[in-house]
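The values are calculated or read from the model by the stated rules, or taken from the named source; none is laboratory data. Computed from a predicted model, the values in this text were never measured in an experiment. In this analysis, Cβ positions are derived from the backbone assuming ideal geometry, glycine residues included, and neighbour counts consider all displayed protein chains.
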Amino acid sequence: MRTAGAAGMPEPALSRATVDRAGEHRTDEAWLSAAWLREGTRVVLVAEDRTLVAEDGTGQAEIVLLPASAAPDGMRYFLGSDTAGVDYFAVSVPGLEPYRAPGVREGGLRELGTLLAAGDVGLLVHAVALDAWHRTHPFCPRCAHSTDIAFGGHMRRCPSCGTEHFPRTDPAVIMLVTDGEDRCLLARNAAWDEGRWSVLAGFVDPGESLEQAVRRELVEEVGVRAESVEYAGSQAWPFPASLMIGFFGRTTDPAITVDGEEIAQARWFSRAELREAMTEGVVALPSGVSIARMMIEHWHGGPLPRTPSW
């Protein structure tokens, strides 16, 4: 019998990155200004979770990077530097259509996450996460004064009261639980369309450890108690500000009691049952951009049918 474990699980699509974030430069305004003016500097345009890409005809895509001299005005974020000495920034724009060229299209992070190379994915995840925070946090929560971008886009400073505000990240646990027969527990959220299934997940409470959050969410949502909890991996999910922290769990008591509010259905699947349900169109799993899909396929022992996903 195979048992769940983190060893050998592929790296989640949105966890890939090659560009050094070079955080030591964020507080150096002179360095940032000089980097922006360097000839080799490249800029990612970001409009919410979307950017411009070019496709190579093989199903892969790459981000269209502009020289800084051709970049429009907008909120500017320093993303880092690569081993070739190229510095990267992102600029926030209200829309991408004015900057499209022949052979270029726009796409969102959910779609592009599995189509882009690691370097481009890392840049886009970073840019989308920063932009989501800046667009929704323009004012100081202490005095309500408008704030200014600082630290290369990694902080906002209030000129009125001097408070410094940093981007938030909301930790959420996501867990694949197996029972004594090595079946996988999947559930359907009450807000989802019929046929959409995934592993369970939930936000971490204040003052709670990750393992405690896994056990609490399982009991609250489906009445299952995990005897063991093992870290699987993590993935940024900037929609708008989550970090998905994956765990594999085990239980010896497969009895399920759904909460009837957040969870509409939950059931155990053997590997054969899951393949059959997907082939028949009864179950649609998350797309390959999600750590949930990675965890399910790791438990399954290999890729599952590429049926419609969400």
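Observations
- The stretch 280-298, residues that are under 26 Å from Gly180 (Cβ atoms) and out of contact with any Lys or Arg (no Cβ under 8 Å at 6 or more places or on another chain): Val282, Val283, Ile291, Ala292, Arg293, Met294, Met295, Ile296, Glu297, His298
- Scanning the stretch 121-134 for residues that are over 19 Å from Arg26 (Cα atoms) and in contact with a strand residue (DSSP E or B) (Cβ under 6 Å, 6 or more places away or on another chain) turns up nothing.
- Being in contact with a Leu (Cβ under 6 Å, 6 or more places away or on another chain) and of a type in the set (A, V, I, L, M, F, W, C) is a property that Ala236 has.
- Some residue of the stretch 154-172 being of a type in the set (Val, Ile, Thr) and either in contact (Cβ under 8 Å) with a residue 24 or more places away in the chain or assigned to a strand (DSSP E or B) (or both): yes
- Check on Ser242, farther than 15 Å from Leu186 by Cβ and either more than 17 Å from the chain's Cα centre (by Cα) or surrounded by 20 or more Cβ atoms within 10 Å (Cβ to Cβ) (or both): no
- Sole residue being at positive phi and not hydroxyl-bearing (Ser, Thr, Tyr), chosen from Gly153, Gly113, Gly180: Gly153
- Condition check for Gly122: modelled with pLDDT of 95 or more, buried (at least 21 other Cβ atoms within 10 Å of the Cβ), out of contact with any Pro (no Cβ under 6 Å at 6 or more places or on another chain) and closer than 16 Å to Ala13 by Cβ: yes
- Residue, nearest to Leu304 (Cα to Cα), within the stretch 163-192, restricted to residues that are polar (S, T, N, Q) and surrounded by fewer than 21 Cβ atoms within 10 Å (Cβ to Cβ): Asn189
- Residue among Gly57, Gly5 that alone is in contact with a Phe, Trp or Tyr (Cβ under 8 Å, 6 or more places away or on another chain) and either within 30 Å of His298 (Cα to Cα) or modelled with pLDDT under 95 (or both): Gly5
- Among the residues examined, Arg293 qualifies as closer than 30 Å to Leu124 by Cα, without any contact (Cβ under 8 Å) to a residue 40 or more places away in the chain and surrounded by 17 or more Cβ atoms within 10 Å (Cβ to Cβ).
- Selection status of Ile263, closer than 24 Å to Leu123 by Cβ and not assigned by TED's automatic domain parsing to the domain that holds Glu48: no
- Checked against (1) in a loop (DSSP other than H, G, I, E, B); (2) farther than 12 Å from Trp197 by Cα; (3) touching a residue at least 60 places away in the same chain (Cβ under 8 Å); (4) over 15 Å from the mean Cα position of the chain (by Cα), Trp299 meets all criteria but (1).
One line per residue, one yes/no per condition, for (1) buried (at least 16 other Cβ atoms within 10 Å of the Cβ); (2) in contact (Cβ under 8 Å) with a residue 24 or more places away in the chain; (3) aliphatic (A, V, I, L, M); (4) out of contact with any strand residue (DSSP E or B) (no Cβ under 9 Å at 6 or more places or on another chain):
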position: Thr51; (1), (2), (3), (4): yes, yes, no, no
position: Leu66; (1), (2), (3), (4): yes, yes, yes, no
position: Asp73; (1), (2), (3), (4): no, no, no, no
position: Ser81; (1), (2), (3), (4): yes, yes, no, no
position: Ala90; (1), (2), (3), (4): yes, yes, yes, no
position: Val93; (1), (2), (3), (4): yes, yes, yes, no
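- Residues that are of a type in the set (Gly, Ala, Ser) and assigned to a helix (DSSP H, G or I) within the stretch 133-153 comprise Gly152, Gly153, listed in sequence order.
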